[in-house]
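For reference, the structure I am asking about is given below.
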Amino acid sequence: MTHSNQTISVRSGIETDQQFGAVTPPLYLSSNYTFSDLEQPRRYDYSRSGNPTRDTLAETLAELESGVGGIITSSGMSAVYLVTHLLDKGDLIIAPHDCYGGTYRLLNSLAKKGLFEILFVDQGSEESFRSALKRKPKLLWIETPSNPLLRVVDIHKLCQLAGNDIIKVVDNTFLSPALQQPLKLGADVVVHSTTKYINGHSDVVGGAVIAKEQALYEKLAWWANCIGVTGSPFDSFITSRGLRTLSVRIRQHQENTLKIVEFLQRQSLVKHIYYPGLESHSTHAIAAQQQQGFGAMLSFELDLESANLRTFVNSLKLFSLAESLGGVESLICHPATMTHAAMDDKARETAGISSSLLRLSVGIEEAADLIKDLASAFKRCQIKVLKGEQHG
(Lines give C-alpha, C1' and ligand atoms only; values in the text may rest on other atoms or scores of the structure.)
Protein backbone atom coordinates (compact mmCIF):
# COMPACT_ATOMS: atom_id res chain seq x y z
CA MET A 1 0.00 0.00 0.00
CA THR A 2 1.35 3.41 -0.94
CA HIS A 3 0.88 6.39 1.36
CA SER A 4 1.10 10.14 0.96
CA ASN A 5 4.26 11.98 1.96
CA GLN A 6 2.44 13.47 4.94
CA THR A 7 1.65 10.03 6.29
CA ILE A 8 5.17 8.75 5.58
CA SER A 9 6.66 11.69 7.49
CA VAL A 10 4.43 11.23 10.52
CA ARG A 11 4.95 7.45 10.69
CA SER A 12 8.75 7.70 10.53
CA GLY A 13 9.99 4.87 12.77
CA ILE A 14 6.65 4.59 14.60
CA GLU A 15 5.92 1.20 16.21
CA THR A 16 9.22 -0.40 15.18
CA ASP A 17 10.51 -1.20 18.67
CA GLN A 18 10.48 -4.99 19.03
CA GLN A 19 11.71 -5.16 22.63
CA PHE A 20 9.21 -3.08 24.59
CA GLY A 21 6.65 -1.98 21.99
CA ALA A 22 7.48 1.72 22.27
CA VAL A 23 5.37 3.78 19.88
CA THR A 24 8.16 6.21 18.99
CA PRO A 25 11.51 4.61 18.13
CA PRO A 26 14.22 4.58 20.80
CA LEU A 27 17.46 6.53 20.50
CA TYR A 28 20.50 4.29 20.02
CA LEU A 29 23.48 6.23 21.30
CA SER A 30 25.88 3.29 21.35
CA SER A 31 29.05 3.87 19.33
CA ASN A 32 29.68 0.16 18.84
CA TYR A 33 27.88 -3.20 18.81
CA THR A 34 28.91 -6.72 19.77
CA PHE A 35 29.64 -9.44 17.25
CA SER A 36 27.49 -12.57 17.66
CA ASP A 37 30.65 -14.68 17.27
CA LEU A 38 34.16 -14.42 15.87
CA GLU A 39 33.95 -13.18 12.29
CA GLN A 40 30.18 -12.81 12.65
CA PRO A 41 29.19 -9.14 12.86
CA ARG A 42 25.57 -8.25 13.39
CA ARG A 43 23.76 -5.73 11.17
CA TYR A 44 25.54 -2.95 13.06
CA ASP A 45 29.10 -2.99 14.30
CA TYR A 46 30.20 0.67 14.53
CA SER A 47 28.02 3.77 14.45
CA ARG A 48 30.05 5.66 11.88
CA SER A 49 29.10 3.04 9.32
CA GLY A 50 25.62 2.22 10.58
CA ASN A 51 23.22 3.15 13.37
CA PRO A 52 19.52 2.25 13.86
CA THR A 53 18.43 5.80 14.72
CA ARG A 54 20.24 7.32 11.77
CA ASP A 55 18.94 4.61 9.44
CA THR A 56 15.34 5.37 10.43
CA LEU A 57 15.78 8.94 9.22
CA ALA A 58 17.65 7.87 6.09
CA GLU A 59 15.03 5.31 5.12
CA THR A 60 12.18 7.79 5.63
CA LEU A 61 13.83 10.49 3.53
CA ALA A 62 14.60 7.95 0.80
CA GLU A 63 10.93 6.96 0.72
CA LEU A 64 9.81 10.60 0.64
CA GLU A 65 12.14 11.32 -2.29
CA SER A 66 11.39 7.99 -4.09
CA GLY A 67 15.02 6.88 -3.81
CA VAL A 68 16.53 3.49 -3.03
CA GLY A 69 18.55 4.71 -0.05
CA GLY A 70 19.83 7.72 1.83
CA ILE A 71 22.90 8.76 3.79
CA ILE A 72 22.55 11.12 6.74
CA THR A 73 25.51 13.45 7.11
CA SER A 74 26.76 15.77 9.82
CA SER A 75 25.74 18.94 7.93
CA GLY A 76 24.41 20.16 4.63
CA MET A 77 27.92 21.04 3.52
CA SER A 78 29.22 17.58 4.37
CA ALA A 79 26.42 16.25 2.14
CA VAL A 80 27.73 18.42 -0.69
CA TYR A 81 31.29 17.31 0.05
CA LEU A 82 30.23 13.66 0.01
CA VAL A 83 28.78 14.01 -3.49
CA THR A 84 32.08 15.40 -4.80
CA HIS A 85 33.64 11.99 -4.07
CA LEU A 86 31.80 10.63 -7.08
CA LEU A 87 34.36 12.54 -9.17
CA ASP A 88 37.89 11.73 -10.23
CA LYS A 89 40.71 14.16 -10.86
CA GLY A 90 40.08 16.08 -14.07
CA ASP A 91 36.31 15.53 -14.03
CA LEU A 92 34.14 18.59 -14.56
CA ILE A 93 31.16 19.83 -12.53
CA ILE A 94 28.62 22.21 -14.04
CA ALA A 95 27.11 24.27 -11.21
CA PRO A 96 24.72 27.26 -11.19
CA HIS A 97 26.28 30.70 -11.14
CA ASP A 98 23.85 31.74 -8.41
CA CYS A 99 24.13 28.75 -6.06
CA TYR A 100 24.32 28.97 -2.28
CA GLY A 101 27.46 30.79 -1.16
CA GLY A 102 28.73 27.85 0.90
CA THR A 103 28.39 25.50 -2.07
CA TYR A 104 30.15 28.01 -4.30
CA ARG A 105 33.00 28.31 -1.79
CA LEU A 106 33.42 24.55 -1.39
CA LEU A 107 33.31 23.66 -5.09
CA ASN A 108 35.56 26.56 -6.03
CA SER A 109 38.09 25.76 -3.29
CA LEU A 110 38.27 22.04 -4.10
CA ALA A 111 38.68 22.85 -7.79
CA LYS A 112 41.60 25.15 -6.95
CA LYS A 113 43.23 22.23 -5.13
CA GLY A 114 42.97 20.23 -8.36
CA LEU A 115 40.44 17.65 -7.16
CA PHE A 116 38.19 18.35 -10.16
CA GLU A 117 37.21 21.20 -12.48
CA ILE A 118 34.27 23.52 -11.94
CA LEU A 119 32.24 25.64 -14.35
CA PHE A 120 29.58 28.02 -13.00
CA VAL A 121 26.94 28.82 -15.61
CA ASP A 122 23.51 30.40 -15.87
CA GLN A 123 21.43 27.23 -16.07
CA GLY A 124 18.37 29.30 -16.95
CA SER A 125 19.99 30.08 -20.29
CA GLU A 126 19.63 27.08 -22.61
CA GLU A 127 22.36 28.44 -24.86
CA SER A 128 24.84 28.73 -21.97
CA PHE A 129 23.86 25.32 -20.63
CA ARG A 130 24.21 23.56 -23.99
CA SER A 131 27.59 25.22 -24.46
CA ALA A 132 28.74 23.94 -21.06
CA LEU A 133 27.63 20.40 -21.90
CA LYS A 134 30.05 20.38 -24.83
CA ARG A 135 32.86 20.20 -22.27
CA LYS A 136 31.67 16.70 -21.29
CA PRO A 137 31.02 17.18 -17.55
CA LYS A 138 30.86 14.23 -15.17
CA LEU A 139 28.38 15.84 -12.78
CA LEU A 140 25.60 18.41 -13.05
CA TRP A 141 24.71 20.35 -9.90
CA ILE A 142 21.24 21.93 -9.86
CA GLU A 143 19.84 24.21 -7.16
CA THR A 144 16.21 25.17 -7.56
CA PRO A 145 14.80 27.48 -6.35
CA SER A 146 18.12 29.26 -6.12
CA ASN A 147 19.44 30.96 -3.02
CA PRO A 148 18.70 33.86 -2.55
CA LEU A 149 16.94 35.04 -5.74
CA LEU A 150 14.50 32.12 -5.98
CA ARG A 151 15.23 31.45 -9.64
CA VAL A 152 13.68 28.20 -10.80
CA VAL A 153 15.15 25.97 -13.49
CA ASP A 154 13.41 23.11 -15.28
CA ILE A 155 14.83 19.99 -13.64
CA HIS A 156 13.32 17.59 -16.18
CA LYS A 157 14.61 19.58 -19.14
CA LEU A 158 18.14 20.00 -17.76
CA CYS A 159 18.36 16.31 -16.90
CA GLN A 160 17.18 15.34 -20.39
CA LEU A 161 19.71 17.64 -22.00
CA ALA A 162 22.47 16.24 -19.77
CA GLY A 163 21.69 12.63 -20.72
CA ASN A 164 22.44 9.37 -18.96
CA ASP A 165 26.24 9.70 -18.81
CA ILE A 166 26.18 12.69 -16.44
CA ILE A 167 25.39 12.35 -12.73
CA LYS A 168 22.55 14.78 -12.07
CA VAL A 169 22.34 16.18 -8.52
CA VAL A 170 19.63 18.50 -7.17
CA ASP A 171 19.80 20.51 -3.96
CA ASN A 172 16.20 20.31 -2.71
CA THR A 173 16.74 22.19 0.57
CA PHE A 174 14.47 25.16 -0.17
CA LEU A 175 11.38 23.07 -0.88
CA SER A 176 11.89 19.70 0.84
CA PRO A 177 10.23 16.52 -0.46
CA ALA A 178 6.90 17.98 0.66
CA LEU A 179 6.95 20.35 -2.33
CA GLN A 180 9.35 18.85 -4.87
CA GLN A 181 10.69 15.38 -5.79
CA PRO A 182 13.68 15.79 -8.15
CA LEU A 183 14.30 12.05 -8.60
CA LYS A 184 10.90 11.77 -10.30
CA LEU A 185 11.98 14.56 -12.67
CA GLY A 186 15.15 12.84 -13.86
CA ALA A 187 17.78 13.53 -11.18
CA ASP A 188 20.09 10.79 -9.90
CA VAL A 189 20.84 12.26 -6.48
CA VAL A 190 19.06 14.65 -4.12
CA VAL A 191 20.88 16.68 -1.47
CA HIS A 192 19.40 18.36 1.60
CA SER A 193 20.55 20.48 4.43
CA THR A 194 18.25 18.79 6.94
CA THR A 195 19.03 21.69 9.26
CA LYS A 196 16.34 23.58 7.38
CA TYR A 197 12.75 22.50 6.66
CA ILE A 198 13.20 18.78 7.31
CA ASN A 199 14.13 19.38 10.94
CA GLY A 200 12.33 22.70 11.06
CA HIS A 201 13.24 23.91 14.55
CA SER A 202 16.73 25.43 14.19
CA ASP A 203 18.16 23.20 16.90
CA VAL A 204 20.25 20.66 15.01
CA VAL A 205 22.65 20.71 12.04
CA GLY A 206 22.56 17.92 9.48
CA GLY A 207 22.43 16.87 5.86
CA ALA A 208 21.20 14.07 3.63
CA VAL A 209 22.06 12.51 0.28
CA ILE A 210 19.47 10.30 -1.42
CA ALA A 211 20.19 8.21 -4.52
CA LYS A 212 17.83 6.89 -7.16
CA GLU A 213 19.86 3.77 -8.08
CA GLN A 214 21.40 1.11 -5.84
CA ALA A 215 24.91 1.25 -7.32
CA LEU A 216 25.15 5.00 -6.78
CA TYR A 217 23.75 4.69 -3.25
CA GLU A 218 26.33 2.03 -2.33
CA LYS A 219 29.17 4.16 -3.65
CA LEU A 220 27.99 7.18 -1.66
CA ALA A 221 27.50 5.07 1.48
CA TRP A 222 31.02 3.64 1.13
CA TRP A 223 32.53 7.11 0.87
CA ALA A 224 30.43 8.44 3.76
CA ASN A 225 31.83 5.74 6.03
CA CYS A 226 35.34 6.16 4.63
CA ILE A 227 35.61 9.92 5.19
CA GLY A 228 33.49 9.92 8.36
CA VAL A 229 30.82 12.48 7.46
CA THR A 230 27.85 10.50 8.78
CA GLY A 231 25.55 12.25 11.24
CA SER A 232 25.27 11.53 14.94
CA PRO A 233 22.46 9.34 16.35
CA PHE A 234 21.17 12.12 18.61
CA ASP A 235 21.00 14.64 15.75
CA SER A 236 19.20 12.03 13.64
CA PHE A 237 16.71 11.41 16.45
CA ILE A 238 15.89 15.11 16.77
CA THR A 239 15.63 15.50 13.00
CA SER A 240 13.24 12.54 12.74
CA ARG A 241 11.05 14.18 15.37
CA GLY A 242 10.99 17.40 13.37
CA LEU A 243 10.28 15.55 10.14
CA ARG A 244 6.99 14.21 11.51
CA THR A 245 5.44 17.71 11.36
CA LEU A 246 6.94 18.69 7.98
CA SER A 247 3.68 18.76 6.01
CA VAL A 248 1.69 20.79 8.52
CA ARG A 249 4.56 23.21 9.02
CA ILE A 250 4.98 23.71 5.27
CA ARG A 251 1.30 24.54 4.89
CA GLN A 252 1.50 27.27 7.53
CA HIS A 253 4.83 28.56 6.20
CA GLN A 254 3.31 29.01 2.74
CA GLU A 255 0.07 30.54 3.99
CA ASN A 256 2.04 33.20 5.89
CA THR A 257 4.36 33.82 2.95
CA LEU A 258 1.51 34.59 0.55
CA LYS A 259 0.13 37.20 2.96
CA ILE A 260 3.55 38.79 3.41
CA VAL A 261 4.15 38.92 -0.35
CA GLU A 262 0.79 40.66 -0.81
CA PHE A 263 1.81 43.18 1.87
CA LEU A 264 5.25 43.82 0.31
CA GLN A 265 3.65 44.49 -3.07
CA ARG A 266 1.96 47.55 -1.55
CA GLN A 267 5.15 49.06 -0.10
CA SER A 268 6.65 52.00 -2.00
CA LEU A 269 10.14 51.30 -0.65
CA VAL A 270 10.20 47.80 -2.18
CA LYS A 271 11.88 47.88 -5.60
CA HIS A 272 11.56 44.22 -6.47
CA ILE A 273 10.21 41.00 -4.96
CA TYR A 274 11.72 37.61 -5.78
CA TYR A 275 9.10 34.93 -5.19
CA PRO A 276 8.18 32.21 -7.70
CA GLY A 277 4.56 32.30 -6.56
CA LEU A 278 4.13 35.67 -8.27
CA GLU A 279 2.93 35.42 -11.86
CA SER A 280 5.32 38.26 -12.64
CA HIS A 281 8.29 36.11 -11.57
CA SER A 282 10.31 35.12 -14.63
CA THR A 283 10.21 31.41 -13.76
CA HIS A 284 6.70 31.22 -12.27
CA ALA A 285 5.45 28.84 -14.98
CA ILE A 286 8.27 26.33 -14.39
CA ALA A 287 7.73 26.45 -10.63
CA ALA A 288 3.99 25.86 -11.04
CA GLN A 289 4.71 22.83 -13.20
CA GLN A 290 7.36 20.99 -11.19
CA GLN A 291 6.60 22.07 -7.61
CA GLN A 292 3.68 21.24 -5.33
CA GLY A 293 3.86 24.72 -3.83
CA PHE A 294 5.94 27.88 -4.02
CA GLY A 295 7.67 27.58 -0.67
CA ALA A 296 8.24 30.05 2.14
CA MET A 297 11.45 31.75 1.05
CA LEU A 298 11.42 35.17 -0.58
CA SER A 299 13.80 38.01 -1.23
CA PHE A 300 13.22 41.68 -1.95
CA GLU A 301 15.25 44.77 -2.73
CA LEU A 302 14.66 48.03 -0.88
CA ASP A 303 15.01 51.51 -2.30
CA LEU A 304 17.16 52.55 0.64
CA GLU A 305 20.76 53.52 1.28
CA SER A 306 22.81 51.32 3.60
CA ALA A 307 22.11 53.42 6.73
CA ASN A 308 18.36 53.09 6.32
CA LEU A 309 18.67 49.44 5.35
CA ARG A 310 20.26 48.92 8.75
CA THR A 311 17.41 50.84 10.35
CA PHE A 312 14.86 48.60 8.65
CA VAL A 313 16.54 45.38 9.80
CA ASN A 314 17.13 46.61 13.34
CA SER A 315 13.51 47.77 13.68
CA LEU A 316 12.16 44.25 13.25
CA LYS A 317 11.21 42.34 16.39
CA LEU A 318 9.72 39.15 14.92
CA PHE A 319 12.26 38.53 12.16
CA SER A 320 15.58 37.52 13.69
CA LEU A 321 18.71 38.62 11.85
CA ALA A 322 20.37 35.26 11.30
CA GLU A 323 21.59 32.84 8.68
CA SER A 324 19.93 29.52 7.91
CA LEU A 325 16.25 29.07 7.11
CA GLY A 326 13.28 26.75 7.32
CA GLY A 327 12.68 26.93 11.06
CA VAL A 328 9.34 27.67 12.70
CA GLU A 329 10.64 31.14 13.55
CA SER A 330 10.90 33.94 10.97
CA LEU A 331 14.35 35.12 9.93
CA ILE A 332 15.79 37.97 7.88
CA CYS A 333 19.16 37.80 6.17
CA HIS A 334 21.40 40.17 4.20
CA PRO A 335 22.88 37.76 1.63
CA ALA A 336 25.70 40.02 0.45
CA THR A 337 27.29 40.11 3.91
CA MET A 338 26.00 36.84 5.33
CA THR A 339 25.12 33.70 3.34
CA HIS A 340 26.99 34.79 0.19
CA ALA A 341 29.89 36.67 1.77
CA ALA A 342 32.22 33.88 0.52
CA MET A 343 31.62 35.08 -3.04
CA ASP A 344 33.81 37.90 -4.30
CA ASP A 345 32.18 41.12 -5.52
CA LYS A 346 32.28 40.05 -9.16
CA ALA A 347 30.67 36.66 -8.47
CA ARG A 348 27.89 38.29 -6.42
CA GLU A 349 27.30 40.83 -9.18
CA THR A 350 27.10 38.05 -11.77
CA ALA A 351 24.62 36.20 -9.55
CA GLY A 352 22.52 39.36 -9.18
CA ILE A 353 22.99 39.70 -5.42
CA SER A 354 22.91 43.41 -4.62
CA SER A 355 23.68 45.17 -1.35
CA SER A 356 20.02 46.22 -1.04
CA LEU A 357 18.76 42.61 -1.18
CA LEU A 358 17.14 41.08 1.90
CA ARG A 359 15.98 37.47 2.25
CA LEU A 360 13.12 36.28 4.44
CA SER A 361 12.55 32.81 5.81
CA VAL A 362 8.90 33.11 6.79
CA GLY A 363 8.01 31.19 9.94
CA ILE A 364 4.72 29.90 11.32
CA GLU A 365 3.92 32.75 13.71
CA GLU A 366 0.58 34.55 13.33
CA ALA A 367 0.76 36.23 9.90
CA ALA A 368 -0.93 39.41 11.15
CA ASP A 369 1.79 39.87 13.77
CA LEU A 370 4.54 39.43 11.18
CA ILE A 371 2.94 41.98 8.88
CA LYS A 372 2.57 44.50 11.73
CA ASP A 373 6.26 44.04 12.49
CA LEU A 374 7.23 44.70 8.87
CA ALA A 375 4.85 47.66 8.66
CA SER A 376 6.45 49.23 11.72
CA ALA A 377 9.92 48.91 10.16
CA PHE A 378 8.75 50.41 6.86
CA LYS A 379 7.11 53.30 8.69
CA ARG A 380 10.26 54.11 10.60
CA CYS A 381 12.32 54.13 7.38
CA GLN A 382 9.78 56.27 5.55
CA ILE A 383 9.88 58.85 8.33
CA LYS A 384 13.68 59.01 8.10
CA VAL A 385 13.52 59.43 4.32
CA LEU A 386 11.03 62.28 4.65
CA LYS A 387 13.32 63.95 7.17
CA GLY A 388 16.19 63.74 4.69
CA GLU A 389 18.13 61.14 6.65
CA GLN A 390 18.40 58.73 3.70
CA HIS A 391 22.18 59.07 3.58
CA GLY A 392 22.56 58.66 7.31
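The values are calculated or read from the model by the stated rules, or taken from the named source; none is laboratory data. The structure presented is a predicted model; accordingly, all values stated were derived computationally and were not measured. Every residue, glycine as well, gets a Cβ built from its backbone with ideal geometry; the counts of neighbours run over all protein chains shown.
Can you pull out the residues in the stretch 169-187 that are touching a Leu at 6+ places or on another chain (Cβ under 6 Å) and over 22 Å from L360 (Cβ atoms)?
Filtering the stretch 169-187 down to residues touching a Leu at 6+ places or on another chain (Cβ under 6 Å) leaves 177-178.
If the condition is that a residue be touching a Leu at 6+ places or on another chain (Cβ under 6 Å) and over 22 Å from L360 (Cβ atoms), then P177 is the only one that fits.
Which one of Y44, Y28, Y104 is surrounded by 20 or more Cβ atoms within 10 Å (Cβ to Cβ) and assigned by TED's automatic domain parsing to the domain that holds G231?
Just one listed residue meets the conditions, Y104.
Next question. Consider the stretch 308-327. How many of its residues are of a type in the set (K, R) and outside any helix (DSSP H, G or I)?
Count: 1.
Looking at S236 and the list (1) buried (at least 20 other Cβ atoms within 10 Å of the Cβ); (2) more than 20 Å from L325 (Cα to Cα); (3) of a type outside the set (K, R); (4) in the same structural domain as P145 (by TED's automatic domain parsing), which single condition is not satisfied?
(2)
State whether the residues of the stretch 125-137 include one that is more than 29 Å from G277 (Cα to Cα), without any contact (Cβ under 8 Å) to a residue 24 or more places away in the chain and surrounded by fewer than 22 Cβ atoms within 10 Å (Cβ to Cβ).
First, pick out the residues of the stretch 125-137 that are more than 29 Å from G277 (Cα to Cα): 131-137.
Narrowing further to those that are without any contact (Cβ under 8 Å) to a residue 24 or more places away in the chain: 131, 134.
With the extra rule that they be surrounded by fewer than 22 Cβ atoms within 10 Å (Cβ to Cβ), the set shrinks to 131, 134.
Yes: the stretch 125-137 contains one or more residues that are more than 29 Å from G277 (Cα to Cα), without any contact (Cβ under 8 Å) to a residue 24 or more places away in the chain and surrounded by fewer than 22 Cβ atoms within 10 Å (Cβ to Cβ).
Please report, ordered by residue number, the helices (runs of 4 or more DSSP H) entirely within the stretch 13-128 with at least 1 residues that are over 30 Å from A336 (Cβ atoms) and among the β-branched types (V, I, T).
52-64
Take the stretch 133-182 and flag every residue that is farther than 23 Å from G101 by Cβ and acidic (D, E).
D154, D165
Residue by residue through the stretch 243-287, note down the ones that are in contact with an Asp or Glu (Cβ under 8 Å, 6 or more places away or on another chain) and assigned to a helix (DSSP H, G or I).
N256, I286
Filter the stretch 335-349 for residues that are assigned to a loop (DSSP other than H, G, I, E, B) and either buried (at least 21 other Cβ atoms within 10 Å of the Cβ) or aromatic (F, W, Y) (or both); which is modelled with the lowest pLDDT?
Filtering the stretch 335-349 for residues that are assigned to a loop (DSSP other than H, G, I, E, B) and either buried (at least 21 other Cβ atoms within 10 Å of the Cβ) or aromatic (F, W, Y) (or both), the one modelled with the lowest pLDDT comes out as M343.
Let me ask you something else. What do you reckon, is R11 within 32 Å of the chain's Cα centre (by Cα), surrounded by fewer than 15 Cβ atoms within 10 Å (Cβ to Cβ) and among the basic types (K, R)?
Taking the combined requirement at face value, the residue satisfies it.
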